[in-house]
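Beneath this line is the structure, given in structure tokens, with notes to follow.
The values are calculated or read from the model by the stated rules, or taken from the named source; none is laboratory data. Because the structure is a prediction, the values reported are computed rather than measured. Here Cβ is always computed from backbone atoms with ideal geometry, including for glycine, and neighbour counts include all displayed protein chains. Ligands, DNA and RNA are excluded from the accessible area calculation, which covers all protein heavy atoms including side chains. Shrake-Rupley method; radii C 1.70, N 1.55, O 1.52, S 1.80 Å.
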Amino acid sequence: VPEVRNGDDHRGGVGAGLLTAAAVRGADGELRCEGVPLRRIAAAAGTPVYVYNGHTIRDRYQRLQAALASVPHRLHYTLKANSSAAVLRVVRQLGAGVDVVSGGELHRARCAGFAGSDVVFGGVGKTDDELRAGLAAGVLLFNVESAGELRRLDAIAREVGVRAPIGLRINPEVSLEAAHAYIKTGERGQKFGIPWDDAIPVAELALSLGGVELVGLDMHLGSQLTRIDPYRAGVARLVDIWRQLRDLGVDTLRYLDIGGGLGVRYDTEASPDLDRFADMVLPLVRETGLTLLMEPGRFLVGNAGVLLTRVIDTKHSGGKDFVIVDAGMTELLRPSHYGAYHRVEPVAPPGEPSTIVDVVGPVCESGDFLALDRPLPPVADGDLIAILDVGAYGYVMASNYNSRPRAAEVLVEGDRFAVVTRRETVEDLVRLEIPDPDWRT
Ligand SMILES: *Cc1c(COP(=O)(O)O)cnc(C)c1O
């Protein structure tokens, strides 16, 4: 079992100190999150439970802020990575804006205290109701993804009597290396954004409509990007559009939104080198004089979360060893959905890895696993196990499949911890059902 270290030395070095792990082993060998032993959290909040380290989020935010310091910019944290109110409070206190992709996320952002003007509203299929909600909130801008959406937004804005600030999400159609095909979005032939060849015609359409004002150009390449050069290629393409529009006399542009996608380390991959990122991207941005917007999700929260789970049973079957725990695909979908790798660590001081095991959940699906073919020290029923680096796309992708109540969420700040989202109860599972439905013909 690779030891969890609070530094950048995990399996062969990368950019200075970038890997602030959410959980590290204390002198007693026990896993802890900052000053709090994970065992204490499990005892107080039960399992499965998500644990977030506020310090890790702040550390990431400040590093990215520092890297972008030489151009006017704002970070808009992407809610879909982790929309827990407690995480949103941390991010808001840092001064970030947000990026939302649904009316539900807009509502969460507003509940967490973000102003409409803090919000970038993206998403490939915004309904009329969502567009109305965004207008009512007074969002900073809508990133529009098609000519059809542009016309709908124009009509709704004129009906309401306002002018909608818009960015155009352009598919830069660059080739990408990402961990999984499902998390690439900026290649040719994907559903996202305005196809590269249509960018200028759609911009001209926007300029002709009275209900919208073109204030930004936007892209989002994909997620968990391990290379910097696609950013450079993508930004260069956005700048190319900016130049063409400038030559057409367009003077309303204010924002260059380059999306999210910065990767984090889950295993042996390199964390993004932020200085190199800045060196490659910022000179292009500077030329435009526009304010840079970035929409980091995973980068801010991915390494900040741990999923604590308890061993229910162990089993030897068909020549394989299984460790069955009380979290599964319902709590953490990433392994079964994307084949994602997450480190698995016993919370107690670990012995030497002795067996190769599959760590699986209790859900009635063979695809319900958290880790496959992992060397693990011996564990027994009741032992606590930590699944690491689950702060992004963890709890937000949870489901109630098999009628499993969703886990609790805990935030750690230094020596203190608090339950910030209650565990769902079985009563919650049936709350929305209508026992005596109102039949209609
Ligand atoms: C998902 C998403 C992001 C954030 O992606 P990360 O890889 O988590 O940084 C940013 N912008 C848009 C439009 C997205 O859909």
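Check whether at least one residue in the stretch 214-234 is within 24 Å of ARG63 (Cβ to Cβ), among the charged types (D, E, K, R) and in contact with a strand residue (DSSP E or B) (Cβ under 7 Å, 6 or more places away or on another chain), and report yes or no. Yes, because at least one residue in the stretch 214-234 is within 24 Å of ARG63 (Cβ to Cβ), among the charged types (D, E, K, R) and in contact with a strand residue (DSSP E or B) (Cβ under 7 Å, 6 or more places away or on another chain). Scan the stretch 384-395 and give yes if some residue there is more than 16 Å from the ligand (Cβ to nearest atom), assigned to a loop (DSSP other than H, G, I, E, B) and closer than 25 Å to ASN303 by Cα, otherwise no. No - not one qualifying residue is present in the stretch 384-395. GLU130: among the acidic types (Asp, Glu), within 16 Å of the ligand (Cβ to nearest atom) and within 30 Å of GLY339 (Cβ to Cβ), yes or no? So GLU130 does not fit the description; no. How many residues does the stretch 344-370 hold that are acidic (Asp, Glu) and part of a loop (DSSP other than H, G, I, E, B)? Total meeting the criteria: 3. When the stretch 61-90 is filtered for residues that are more than 13 Å from the chain's Cα centre (by Cα) and within 13 Å of the ligand (Cβ to nearest atom), the ones remaining, listed by number, are TYR61, LEU64, LEU75. Of the listed requirements (1) closer than 28 Å to ALA418 by Cα; (2) touching a Gly at 6+ places or on another chain (Cβ under 7 Å), ARG74 misses just one: (1).
Surrounded by 15 or more Cβ atoms within 10 Å (Cβ to Cβ), in contact with a Cys (Cβ under 8 Å, 6 or more places away or on another chain) and not β-branched (Val, Ile, Thr): is that true of PHE417 in this structure? Criteria met by PHE417. Based on this model, can you work out whether ASP251 counts as of a type outside the set (Lys, Arg), surrounded by fewer than 18 Cβ atoms within 10 Å (Cβ to Cβ) and outside any helix (DSSP H, G or I)? Yes.
Looking across LEU300, LEU292, LEU308, one residue alone is within 15 Å of the ligand (Cβ to nearest atom), in contact (Cβ under 8 Å) with a residue 24 or more places away in the chain and assigned to a strand (DSSP E or B). It is LEU292. Within the stretch 91-102, no residue satisfies the criterion of being more than 15 Å from the ligand (Cβ to nearest atom) and closer than 19 Å to ILE166 by Cα.
Screening the candidates GLY318, GLY351, GLY367, GLY361 for the property of being in contact with a Gly (Cβ under 6 Å, 6 or more places away or on another chain) and away from the ligand (no atom under 16 Å from the Cβ) yields one hit, GLY361. Touching a residue at least 24 places away in the same chain (Cβ under 8 Å) and under 30 Å from LYS80 (Cβ atoms): is that true of ASP381 in this structure? Answer is no for this residue.
Is the stretch 265-281 home to any residue that is touching a strand residue (DSSP E or B) at 6+ places or on another chain (Cβ under 8 Å), in a loop (DSSP other than H, G, I, E, B) and more than 14 Å from the ligand (Cβ to nearest atom)? No - not one qualifying residue is present in the stretch 265-281. Within the stretch 192-248, the only residue that satisfies the criterion of being assigned to a helix (DSSP H, G or I), touching a residue at least 24 places away in the same chain (Cβ under 8 Å) and more than 16 Å from ILE170 (Cβ to Cβ) is ASP229.
Can you list the helices (runs of 4 or more DSSP H) lying wholly within the stretch 2-100 that have 1 or more residues being at pLDDT 95 or above, polar (S, T, N, Q) and open to solvent by less than 30 Å² (accessible area, probe 1.4 Å)? Talk me through it step by step, then tell me what you get.
On the way: elements: 38-45, 54-67, 85-93.
Output list reads 54-67.
Looking across the stretch 240-258, just one residue is under 26 Å from the mean Cα position of the chain (by Cα) and among the β-branched types (Val, Ile, Thr), and that is ILE258. Residues in the stretch 188-233 that are closer than 28 Å to GLY161 by Cβ, touching a helix residue (DSSP H, G or I) at 6+ places or on another chain (Cβ under 7 Å) and within 16 Å of the ligand (Cβ to nearest atom): ILE194, LEU217. Number of residues in the stretch 133-176 that are under 29 Å from GLY189 (Cβ atoms), open to solvent by 40 Å² or more (accessible area, probe 1.4 Å) and not in a helix (DSSP H, G or I) equals 3.
With respect to the conditions (1) of a type outside the set (A, V, I, L, M, F, W, C); (2) within 13 Å of the ligand (Cβ to nearest atom); (3) more than 15 Å from THR127 (Cα to Cα); (4) out of contact with any helix residue (DSSP H, G or I) (no Cβ under 9 Å at 6 or more places or on another chain), ASN143 lacks only one, and its number is (3). Among the conditions (1) open to solvent by less than 60 Å² (accessible area, probe 1.4 Å); (2) part of a helix (DSSP H, G or I); (3) not aliphatic (A, V, I, L, M), the only one that ASN402 does not satisfy is (1).
Residues in the stretch 103-127 that are part of a loop (DSSP other than H, G, I, E, B), within 13 Å of the ligand (Cβ to nearest atom) and either buried (at least 17 other Cβ atoms within 10 Å of the Cβ) or under 15 Å from the mean Cα position of the chain (by Cα) (or both): GLY122, GLY123, LYS126. Taken together, ALA408, ALA348, ALA327 contain a single residue that is in contact with a strand residue (DSSP E or B) (Cβ under 8 Å, 6 or more places away or on another chain), crowded, with 17+ Cβ neighbours inside 10 Å and more than 27 Å from ALA85 (Cβ to Cβ), which is ALA348.
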